[in-house]
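The values are calculated or read from the model by the stated rules, or taken from the named source; none is laboratory data. No experiment lies behind these values; they were computed from the predicted model shown. A quick note on method: Cβ atoms are made from the backbone with ideal geometry, for glycine too, and the neighbour counts reach across all protein chains shown.
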Amino acid sequence: MKELTAKINHQKSKISKRKAQPAKSRNDKWVLRLYVAGQTQKTATAFNNLKLICEEQLKGKYHIQVIDLLKNPQLARDDQILAVPTLVRKLPLPVRKIIGDLSNTERMLVGLDLIERSALKVTL
Amino acid sequence: MMKKKQVQSHRTVLPKSPTSIQGLDEITGGGLPKGRPTLVCGGAGCGKTLFAMEFLVRGATQYNEPGVFISFEETEKELTANVASLGFDLDKLVERKKIWLEHIHVERGEIQQSGEYDLEGLFIRIHHAIESIGAKRVVLDTIESLYSELPDPRILRVELRRLFRWLKKKGVTTIITAERGEGALTRQGLEEYISDCVILLDHRVNDQSSIRRMRIVKYRGSTHGTNEYPFLIDEDGFSVLPITSLGLNYFSSSKRISTGIPRLDTMLSGKGYYRASTVLVSGTAGTGKTSIAAQFVEAACKRDERVLYFTFEESPSQLVRNMCSVGIKLEPWLKKGLLQFHATRPTLYGLETHLTTSIKLINKFEPTIVIFDPINAFMTKDNQTEVKIMLLRIVDFLKMKEITAFFTSLTSGDNMESSEVYLSSLIDTWLILRDIEIGGERNRGLVVLKSRGMAHSNQIREFRLTNHGIELLDVYVGADGVLTGSARLSQETKDDAEQLLRQQEIGSKQFGLERKRDAMEAQIVVLRSEFEAEESEALKGIGIEKTLNERFTQDKVKMAKSRRGDVSIKTNGTKKKKVTV
């Protein structure tokens with residue numbers, strides 16, 4: 001496992017304007033695992049997007065592990081990883097998975113249970 | 001043996017990866033295309049997974065080609081349990097690094113897509129699996145299920161295409177299974193990407209029984225059998241039967257074997273059936289078809305031959321019991337292992353399965369005689385052609401193996417011959433049992449309708465089941481026509497009576513003559529005795545006369561003496577006396 005230090009992308013984000021919804025797990029420790037395959041453009045995009053959102057939504061409570069499957073291929077089996085990049089929310093339970101480079105923030109927030117699924121439908 | 005021959009004869013342009021699946025290597029001319037992907041498609045439950053698994057296991061155990069099984073549906077545990085019934089010990093193979101099992105599963109509910117993704121994770125996993133055991137064969141079992149598990153089919157399509165190309169480049173022989181789609185080979189059109197070899201498995205239900213068939217839709221760069229071949233999945237795994245490839249070039253034996261019924265042997269020019277010929281006994285219900293078969297079986301077992309008996313109407317024990325009642329004892333042979341029964345209901349499975357099962361059993365038991373009792377059990381209203389094809393395959397197969405086939409067939413109606421005319425071309429010796437109804441009773445008549453290659457009898461014989469087996473009797477042929485049964489008996493009695501009468505008459509005539517002779521002789525005796533009496537009287541008289549005569553002569557001499565006369569007396573007797581005097 002390899003932990004990378006984050007480079008925050010100062011991308012403009014609309015997230016702060018949104019009301020941060022369900023707050024039930026807000027105070028728990030968040031463990032997020034990002035599976036990638038090598039240092040590709042997709043890897044970088046995904047990581048940057050993740051870091052950005054975490055900083056905004058879960059500041060101080062999150063922990064990101066980045067796993068490069070090229071270096072540790074056997075780890076793909078445990079979390080049933082097919083697609084890369086895949087973000088796995090290990091904690092809080094239940095486990096959630098989001099595939100893609102996380103460029104669609106709303107979908108990502110829904111995937112992480114940070115906003116309700118219904119909110120997504122409205123915006124869609 | 002056959003497989004090897006086939007492989008050699010198809011000087012392969014394309015390197016092939018043998019499957020060791022019974023029959024498949026024959027059809028494909030050596031196996032699946034080596035180092036290329038093969039698509040195996042078919043509906044639910046047609047045996048795709050088993051096919052793929054057998055390919056891997058055989059590769060790992062027989063060709064030292066380790067294999068990776070990526071399952072998108074079943075877990076490792078389920079897979080291991082499922083194929084254990086075929087005798088594959090996956091756990092052991094996994095432990096010995098011959099097989100790599102990996103279950104890839106994505107829960108649709110817990111996945112959210114956000115942005116672009118690719119399937120590099122899958123590539124990495126497959127690559128890791130291949131590298132871990134040095135795999136040469138890979139199976140992707142129903143990769144299409146990814147379509148329902150992952151969002152964005154557009155990405156998937158591109159990625160899968162890339163995956164197949166990648167696998168080809170890696171040079172692993174791959175089987176990709178897919179569900180059959182509506183109007184297409186697969187639901188997601190995978191056949192567009194995998195075009196090296198496409199095998200279609202089919203599992204259809206016809207007349208309430210299921211038939212499994214396989215067809216090679218395409219095989220790029222290689223010749224292959226194009227027919228639909230029946231296949232079977234049983235405790236020995238997968239087996240395909242390319243029997244339609246058999247030809248008419250089998251060796252014909254001139255050896256003969258007894259029918260077990262001495263007089264039937266006589267009817268078949270004295271020696272019985274030809275070995276490896278096909279015998280059909282047909283007749284209406286209760287005419288003794290099974291008994292003729294059983295008699296044949298018993299005779300064969302006595303010669304230490306092995307007999308496989310397929311019965312489709314009676315259970316083995318019932319058959320043994322019934323045959324015992326007519327004095328044919330099958331049980332000892334059953335115990336000795338020379339005779340084996342195989343009892344199934346014809347409706348249990350389809351014709352193809354019957355065919356494949358039969359052939360498997362024949363291969364296993366290696367009999368010299370095979371009985372099918374009765375074959376018409378397979379017939380339904382409109383499957384005559386199919387039944388004929390099945391029988392043709394069986395007959396061809398048996399002839400090739402020099403096995404004598406004995407079929408029985410139940411016929412109905414009067415025109416027995418025409419009702420089975422479609423079978424005639426298959427049959428070498430055809431016996432017909434028919435009922436002969438005369439004088440309020442039914443009797444059985446047996447006739448040899450045809451028997452190829454021998455001068456057979458044209459006579460109808462009366463056929464009787466006795467408690468010591470089958471007996472063939474001459475029918476009565478007399479002034480009143482052909483008679484059987486009691487009519488024959490009564491006619492025979494009548495004949496006997498007449499003969500007796502005639503004999504009696506002769507006797508009495510002889511007796512009369514005898515009497516007359518006796519009377520005559522008695523008369524002779526009487527006459528003789530009368531004559532004797534008369535004779536003795538007469539002799540007595542003669543004696544007296546003689547005495548008197550003598551005395552008279554003596555008296556005369558005396559008188560002459562006394563008178564001193566010289567008169568000579570002219571009696572002989574007295575002359576000497578005179579001299580001496």
- Query: Within the stretch B:266-276, is there a residue that is closer than 26 Å to residue B:239 by Cα, in contact with an Asp or Glu (Cβ under 9 Å, 6 or more places away or on another chain) and not hydroxyl-bearing (Ser, Thr, Tyr)?
  - Reply: yes
- Hey, among the residues in the stretch B:116-137 that are small (Gly, Ala, Ser) and surrounded by 20 or more Cβ atoms within 10 Å (Cβ to Cβ), which one's farthest from the other protein chains (Cβ to nearest Cβ)? B:135
- Failed condition for residue B:320, given (1) assigned to a helix (DSSP H, G or I); (2) in contact (Cβ under 8 Å) with a residue 60 or more places away in the chain: (2)
- Message: Here is a check on your reading of the model: is residue B:251 within 21 Å of residue B:394 (Cα to Cα), surrounded by fewer than 16 Cβ atoms within 10 Å (Cβ to Cβ) and outside the structural domain of residue B:27 (by TED's automatic domain parsing)?
- Response: yes
- Message: Looking at (1) modelled with pLDDT under 90; (2) away from chain A (no Cβ under 14 Å), which one does residue B:99 not meet, given that it meets all the others?
- Response: (1)
- For the stretch B:267-286, indicate whether the set of residues that are under 23 Å from the mean Cα position of the chain (by Cα), modelled with pLDDT of 80 or more, surrounded by 15 or more Cβ atoms within 10 Å (Cβ to Cβ) and part of a helix (DSSP H, G or I) is non-empty. yes
- Taking the stretch A:61-119 as the search range and keeping residues that are of a type in the set (Asp, Glu), under 12 Å from the mean Cα position of the chain (by Cα) and more than 7 Å from every other protein chain (Cβ to nearest Cβ), which one is farthest from residue B:159 (Cα to Cα)? A:113
- Counting only residues that are buried (at least 22 other Cβ atoms within 10 Å of the Cβ) and either of a type in the set (Ser, Thr, Tyr) or touching a His at 6+ places or on another chain (Cβ under 8 Å) (or both), how many does the stretch B:56-69 have? 0
- Message: Exactly one of these conditions fails for residue B:450: (1) at pLDDT 80 or above; (2) in a helix (DSSP H, G or I). Give me its number.
- Response: (2)
